[in-house]
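Working notes, beginning with the structure itself.
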Amino acid sequence: MVDKKKLVDLYTRTLKVRLFESKVWDIFGQNLIPGTLHLYLGQEAVAAGVTAALEKTDWIQSTHRGHGHVVAKGADMKHAFAELLGKATGSCKGKGGSMHITQFDAGVLGATGVVASGLPIAVGAALSCKMRGTKDVVACFFGDGASNNGTFGESLNMSAIWNLPVIWVVENNFYAMGTPIKWTCPSQSIAQRAEGYCIPNKVVNGNNTLEVYEAVVEAVERARAGEGPTLIECQTYRMKGHSRFDPAKYRPKEEAEFWLSQDPVEIIRKIAIEQGALTEKEADKIKKKLEKEVNAAAEFAIKSDYPKPEEALEDVFAEEVA
Amino acid sequence: MTEMTYREALKQGLREEMQRDERVFILGEDVGKNWGGAFKVTKGLAEEFGDERVRDTPISENTIVGAAVGAAITGLRPVAEIMFGDLITLAMDQVCNQAAKMRYMFGGQTSVPLVVRTVFGGGKNIASHHSQSLEAWFMHTPGLKIALPAFASDVKGLIKTAIRDPNPVMFFEHKLVYDKKEEVPDEEYTIPFGEAKIRREGADVTVWGTMFMLHKALEVADELAKEGISVEVIDPRTLVPLDKKTLLDSVKKTGRLVLVTEETKTGATTAEIAAMVQEEAFDWLDAPIVRVNAPDTPVPFSPPLEKFFIPDHKRIADAIRSAL
Ligand SMILES: Cc1ncc(C[n+]2csc(CCOP(=O)(O)OP(=O)(O)O)c2C)c(N)n1
């Protein structure tokens, strides 16, 4: 059973990601964000459920759709926002932007613009946790589309033969850009694919933070006990299109209506209230507080300066030699 | 000093670093005790350090390098071996998009202390998928350091520097140098990156070359000395960082430059070096820079074809004469 404190945490995390992303969408609409953007709106329960099951010292590996993961893991929202705007105060000093938003000291190994390239890195990080004798685990996020890349097979295999503490988190939002997963994957679920690698796997409702959390807690326990990797497929849906100019017209109306009615924030709020962890009033109070934080973060970012052009030359190589 | 092969010196460097720093480990296909590496470089290390630290992997090049990246950014010092240099094509994403860029795109939040060892070059009649020389691709990727030692005494010091460097280092060996012998200091030493070595002093012409071609250039220089031609031979030892000064000083002294590598000509490292010298020492040049490379074809199999492909003594000697 999940205790009340944890339920409050699950609600707070889910809402935090929602509010952050809503603000990002808002500012994006004002044309303040350069380049493109892959919003996490709609998938909040996955990031929140996964990170709530991790300790601060555990790692996550993120993707091109990474803001939600990073914010849920506890990255500073001011620096996250500033990174999206390309400001010098960004967590990557404006060198990464939306697709590379990363904060190492919050336990984020990196967000990557190359689909499926994070899986090998997660293998190495998990190997490192094991070889260094820590009890840390690595949760690796990737999409349904990413599971068609070769690194999926390579990395699942390596994690299994070496019994590594990795939790493979598939965010199955059913589309890779405009390509539905049913066009590219012959099996019923992506989780099924893990079976060839003898990796325990599970499909969960990725719009239900509690369900995601409970599955990941089990996987984390296995990983910390030295019992190796688990794959969890979280079925979810994006509220918006894939990126900047995508109205997501390719999604059948009924399908979209169904999924968009399954609001992750509403779901976890209802659960927390029903289980007596929160009153309506307390839930609203948390929301007000988070809104304030998010607004302050956005304001900080908007007011921050851009990097100086010559800063483009810095950080290519590290200097000190051990 | 002990005379030993390049292979032995390299293994000694690896062994010393593994003894010195428990974060150092080796991973790659067949590096462990059943085989000891396709070229036997790691033979014996698994017995000595265990198969956790000399780790056989599946045939998964992209994930071998990616795992090294993940291990490097979380506190270990991996040395990944790619069995043949041609196969690094399968790991280009992890080498060029991840390892090389991570520090930069994350604004200096991390560094990526890993070494990727692999072997280049022809001469063994193993055709187009096991014989290329691809160093220019990596020289063209900001964020990677590149070492290409050609001598036993260098390989020991350079592998140790590579392992201690906080950046990704591409460490390129050549199939035909593993058995070459040289006196190697017994004590522990490192060789700084970015310091070329003048392998032979000369006054008439500078020859800059890498890997196995460097050995050929030195032999040619000995032959030409009999004709009264004095050749200075420079071994860069690392391409990134590049020791421009030693090369430019030599060119300013001799006024003539011949560049020799086993790469196919178009877009080779020799093109970059030639352009750099034109930019920085044009006024000192008394003749056009001459490049000796392989022709722009895949590496052929049949012995006469491969022999034609790889620059030989005669082509190097002719090139030197043509520069005089
Ligand atoms: C290797 C690679 N191929 C193509 C792209 C272009 N691209 C960016 S996101 C994307 C779809 C990814 O789908 P999925 O993995 O399901 O993640 P989602 O966007 O649904 O979160 C594609 C094809 C890329 N960035 N990397």
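The values are calculated or read from the model by the stated rules, or taken from the named source; none is laboratory data. Since the structure is predicted, the reported quantities are computational estimates derived from the model, not experimental observations. Every residue, glycine among them, receives a Cβ derived from its backbone with ideal geometry; neighbour counts consider all protein chains shown. Heads up: the accessible areas ignore ligands, DNA and RNA and are worked out on the full protein's heavy atoms, side chains in. Shrake-Rupley method; radii C 1.70, N 1.55, O 1.52, S 1.80 Å.
In this structure, is A:ILE199 more than 15 Å from the ligand (Cβ to nearest atom), more than 14 Å from chain B (Cβ to nearest Cβ) and among the aliphatic types (A, V, I, L, M)? Yes: the conditions hold for A:ILE199. For the range A:140-162, a residue qualifies if it is hydroxyl-bearing (Ser, Thr, Tyr) and within 13 Å of chain B (Cβ to nearest Cβ), and the qualifying residues are A:THR151, A:SER155, A:SER159.
What do you reckon, is B:VAL220 crowded, with 21+ Cβ neighbours inside 10 Å, in contact with a His (Cβ under 8 Å, 6 or more places away or on another chain) and not small (Gly, Ala, Ser)? Yes: the conditions hold for B:VAL220. The set of residues in the range A:185-195 being touching a residue at least 40 places away in the same chain (Cβ under 8 Å) and surrounded by fewer than 21 Cβ atoms within 10 Å (Cβ to Cβ) consists of A:CYS185, A:SER189. Among the residues of the range A:75-93, is any within 16 Å of the ligand (Cβ to nearest atom), hydroxyl-bearing (Ser, Thr, Tyr) and either under 22 Å from A:GLY206 (Cβ atoms) or open to solvent by 30 Å² or more (accessible area, probe 1.4 Å) (or both)? No.
Before we move on, is A:ALA72 out of contact with any His (no Cβ under 7 Å at 6 or more places or on another chain), among the hydrophobic types (A, V, I, L, M, F, W, C) and within 16 Å of the ligand (Cβ to nearest atom)? Taking the combined requirement at face value, the residue satisfies it. Screening the range A:117-184 for helices (runs of 4 or more DSSP H) wholly inside it with 1 or more residues that are without any contact (Cβ under 8 Å) to a residue 60 or more places away in the chain and near the ligand (Cβ under 8 Å from one of its atoms) returns the ranges A:181-184.
Go through (1) at the interface with another protein chain (Cβ under 9 Å from one of its Cβ atoms); (2) assigned to a strand (DSSP E or B) and name the single condition B:ARG103 misses. Answer for B:ARG103: the failing condition is (2). Of all residues in the range A:302-317, those that are facing another protein chain (nearest Cβ under 9 Å) have Cβ atoms under 7 Å from Cβ atoms of residues that are surrounded by 12 or more Cβ atoms within 10 Å (Cβ to Cβ) and polar (S, T, N, Q), 6 or more apart or on another chain, in A:PHE317/B:ASN167. Residues considered: B:VAL169, B:VAL184. Of these, the only one that is buried (at least 20 other Cβ atoms within 10 Å of the Cβ) and within 14 Å of another protein chain (Cβ to nearest Cβ) is B:VAL169. Taking (1) over 19 Å from B:PRO78 (Cα atoms); (2) open to solvent by less than 10 Å² (accessible area, probe 1.4 Å); (3) in contact with a Gly (Cβ under 7 Å, 6 or more places away or on another chain); (4) within 16 Å of the ligand (Cβ to nearest atom) in turn, A:SER98 satisfies each apart from (2). Within the range A:196-221, can you find the residues that are part of a loop (DSSP other than H, G, I, E, B) and surrounded by 21 or more Cβ atoms within 10 Å (Cβ to Cβ)? Residues satisfying the conditions are A:GLY206, A:ASN207, A:ASN208.
Considering every residue within the range B:11-24, establish whether at least one is under 16 Å from B:ASP186 (Cβ atoms), open to solvent by 10 Å² or more (accessible area, probe 1.4 Å) and in contact with a Leu (Cβ under 8 Å, 6 or more places away or on another chain). Yes: one or more hits.
If you take the residues in the range A:42-66 that are open to solvent by 10 Å² or more (accessible area, probe 1.4 Å) and either away from chain B (no Cβ under 14 Å) or of a type in the set (Asp, Glu) (or both), which one is nearest to the ligand (Cβ to nearest atom)? By that ranking, first place goes to A:ARG65. Annotation note: of A:VAL169, A:VAL115, the sole residue that is surrounded by 24 or more Cβ atoms within 10 Å (Cβ to Cβ), β-branched (Val, Ile, Thr) and within 23 Å of A:LEU41 (Cα to Cα) is A:VAL169.
Whenever a residue of the range B:249-268 is over 18 Å from B:ILE316 (Cα atoms), its partners that are hydroxyl-bearing (Ser, Thr, Tyr) and open to solvent by less than 10 Å² (accessible area, probe 1.4 Å), lying with C-beta atoms within less than 8 angstrom and at least six residues away or across chains, give the pairs B:SER250/B:THR206; B:LYS253/B:THR206. Residues of the range B:71-100 that are within 21 Å of A:VAL115 (Cα to Cα), facing chain A (nearest Cβ under 7 Å) and open to solvent by 10 Å² or more (accessible area, probe 1.4 Å): B:ILE73, B:ASP93, B:ASN97.
Filter the range A:118-139 for residues that are open to solvent by 10 Å² or more (accessible area, probe 1.4 Å) and facing another protein chain (nearest Cβ under 10 Å) and give the result. Result: A:LYS130, A:MET131, A:ARG132, A:THR134, A:ASP136. Residue check: B:GLY143 meets all listed conditions (1) within 14 Å of another protein chain (Cβ to nearest Cβ); (2) among the small types (Gly, Ala, Ser); (3) within 13 Å of the chain's Cα centre (by Cα) but one, namely (3). All of (1) surrounded by 23 or more Cβ atoms within 10 Å (Cβ to Cβ); (2) within 16 Å of the ligand (Cβ to nearest atom); (3) within 14 Å of another protein chain (Cβ to nearest Cβ) hold for A:GLY35 with one exception: (1). Taking the conditions (1) in contact (Cβ under 8 Å) with a residue 24 or more places away in the chain; (2) within 24 Å of A:ASN173 (Cβ to Cβ) in turn, A:LYS287 satisfies each one other than (2). Taking every residue in the range A:87-105 that is more than 8 Å from chain B (Cβ to nearest Cβ) and closer than 17 Å to A:ALA312 by Cβ and pairing it with any residue that is among the basic types (Lys, Arg) and assigned to a loop (DSSP other than H, G, I, E, B), at least 6 positions away or on another chain, the pairs with Cβ-Cβ distances below 8 Å are A:ALA88/A:LYS308. Within the range B:45-70, the set of residues being open to solvent by 10 Å² or more (accessible area, probe 1.4 Å) and touching a strand residue (DSSP E or B) at 6+ places or on another chain (Cβ under 9 Å) comprises B:GLU47, B:GLU48, B:PHE49, B:GLU52, B:ARG53, B:ARG55, B:ASP56, B:THR57, B:GLU61.
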